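In what follows, a structure is listed as structure tokens, so that the remarks can point back to it.
The values are calculated or read from the model by the stated rules, or taken from the named source; none is laboratory data. All figures in this text were calculated on a predicted structure; none of them were measured in a lab. Reconstructed Cβ throughout: ideal geometry from the backbone, glycine too, with neighbour counts over all protein chains shown.
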Amino acid sequence: METFRMRLRFLSNPRISGIILPATLFQQLQLRQRQKIKVLLGKKEVVATVLQDKRNPDANVMKVTTLLQTELGIPHPGLIQLKLEGSALRIGPSIGIVTTGIRRDPKQPIGSRTSFFYNLLQAQEGKGVFYYIFSPTDVDWESNTVKAWFLRRNKSGGYFWKKHVTAMPDVVYDRIPSRSAEKHEAVQEFKYRLASYPNLPMFNQGFFNKWGVHQLLYPNPEVNEHIPETYTSPSLTTVRNLLRKYPIVYLKPKNGSLGYGIVKVVRQAGGGFTASYHTGSGNVKKQFSKLSSLYQHVFRSRRVSAYLAQQGIPLMTFHGRPFDFRVHLHKNQQNEWVVSCTAAKVAGSGSVTTHVRTGGTVIPGDDLLQHLFGRQKALMTQRISDASIRLATAIELAKGIDLGELGLDMGIDTQGHVWMFEANSKPGRSIFKHARLRQADQESRKLLVDYSCYLANF
Ligand SMILES: Nc1ncnc2c1ncn2[C@@H]1O[C@H](COP(=O)(O)OP(=O)(O)O)[C@@H](O)[C@H]1O
Ligand SMILES: [Mg+2]
């Protein structure tokens, strides 16, 4: 059934649960005057009386009485969507972003992450949605409601945070900030209870680990060519065998991020091996004549069982420095994967990874590809996007969960072949700070709303 975009207004009436629709729409929906109808907001439903507005038959306005507003927990008036589904009228969609660390402070309700969420919520502009932040402890399971923070606009155009008790949403975007927060009892219980709700999708649930993703993708012929050979809990023999096949091997923590704990091992042409890694005080490169000494050195302070050994990819270089890409992908409202941003990350001097933390720089992907490939740029761009979309599709299928967003770390080797190093289910947004990626930043946040509308069936 068609979705209608309307202006919602509240009509002061504390005694009747009523909804007034313009006469033309009223007829289109084949409603009867004073008919009792179920009205839904998120997971809340109330039986209300529908009336038609004959004076403004074509106005794009729906009026809801203040009683119905309270019963459903409708947070605010303004642009919103309406649809008839079965025999019920749905107002929404209601989209909740779940996170932890929410406080009472109306200036900084999510502490230092407030601006991150502020930016996400701003994308609601013109979309006609109810969009909010809440924490697992804000849910009242008895009444099907949630204490939520909304970002509202005042008359002079500025934004402010407002708390409101509203209905449990149609769809939840999982933004639990870390693996450790994920383990909290309140978070676990929230996820457990939510899973038993009929029809309440939650997308981008949890965190990926590198070994899990590898096991899903490596056997898949659709994407295998992009996945480096990898082993878990690598023994000295495993590392030795890998180094016989490849001149470079990466040792990486399975649950690592930001390059923490990564060691690059290189077989030297004249014999011996080097191990390079980053420490608090900078980049380190150590020489070993025997691989066993290198192995001992590395795993003296690191747990082998938390590590992977991976075929090293000889990355293409830019001004002598290796680079790779962060490809940010989204699902759109048609449930199709699209690339919202490709940013090149060029390694800092002597760094084994391309993170900004270790001296790396971000350049819009287009600029770097143009510089390196000139007229061949389009071909390379296409190759990276095609591979990324194929990988995203494969990950979603293999995981069997709803994914609306992915951040893939992709590299090109010196032969022009495309590889994937990592898939992030909670991608950071630091690449978007680049001045020329602002538009991609906005586009990316809008796509989160679009995909939520899709999942909410609006
Ligand atoms: N197998 C590899 N070959 C070459 N470079 C790699 C390899 N694995 C990782 N890297 C480099 O290290 C960076 C970080 O690796 P990644 O797997 O994304 O771990 P993290 O979770 O720490 O970001 C990559 O973006 C890439 O520059
Ligand atoms: Mg990474």
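Residue-wise test of (1) more than 16 Å from ligand 1 (Cβ to nearest atom); (2) hydroxyl-bearing (Ser, Thr, Tyr); (3) touching a strand residue (DSSP E or B) at 6+ places or on another chain (Cβ under 9 Å).
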site	(1), (2), (3)
Ile227	no, no, yes
Val265	no, no, yes
Gly280	no, no, no
Val284	no, no, yes
Ser289	yes, yes, yes
Gln311	no, no, yes
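With the requirement that a residue be over 22 Å from Ser425 (Cα atoms) and surrounded by fewer than 18 Cβ atoms within 10 Å (Cβ to Cβ), what does the stretch 228-245 give you? Selection gives Ser233, Ser235, Leu236, Thr237, Thr238, Arg240, Asn241, Arg244, Lys245.
Exactly one residue out of Asp441, Asp402 is in the same structural domain as Val356 (by TED's automatic domain parsing), outside any helix (DSSP H, G or I), touching a helix residue (DSSP H, G or I) at 6+ places or on another chain (Cβ under 9 Å) and away from ligand 1 (no atom under 15 Å from the Cβ), and it is Asp402. Counting only residues that are of a type in the set (D, E, K, R) and closer than 29 Å to Gly96 by Cβ, the stretch 1-54 holds 9 of them.
Comparison of Val265, Val213, Val171, Val249 shows that the only residue that is buried (at least 16 other Cβ atoms within 10 Å of the Cβ) and in contact with a Pro (Cβ under 6 Å, 6 or more places away or on another chain) is Val171. Test each condition in (1) touching a strand residue (DSSP E or B) at 6+ places or on another chain (Cβ under 9 Å); (2) at pLDDT 95 or above for Phe26 and report the one that comes out false. Unmet for Phe26, out of (1) touching a strand residue (DSSP E or B) at 6+ places or on another chain (Cβ under 9 Å); (2) at pLDDT 95 or above: (2). For the stretch 419-438, residues that are part of a strand (DSSP E or B), in contact with a His (Cβ under 9 Å, 6 or more places away or on another chain) and crowded, with 21+ Cβ neighbours inside 10 Å total 1. Being surrounded by 15 or more Cβ atoms within 10 Å (Cβ to Cβ), within 15 Å of ligand 2 (Cβ to nearest atom) and of a type in the set (A, V, I, L, M, F, W, C) holds for only one residue in Leu291, Leu308, Leu258, and it is Leu308.
Considering Thr361, Thr381, the condition of being under 20 Å from Asp441 (Cα atoms), of a type outside the set (Phe, Trp, Tyr) and more than 16 Å from ligand 2 (Cβ to nearest atom) is satisfied by Thr381 alone.
Of the residues Arg104, Arg9, the single one that is without any contact (Cβ under 8 Å) to a residue 60 or more places away in the chain and not in a helix (DSSP H, G or I) is Arg104.
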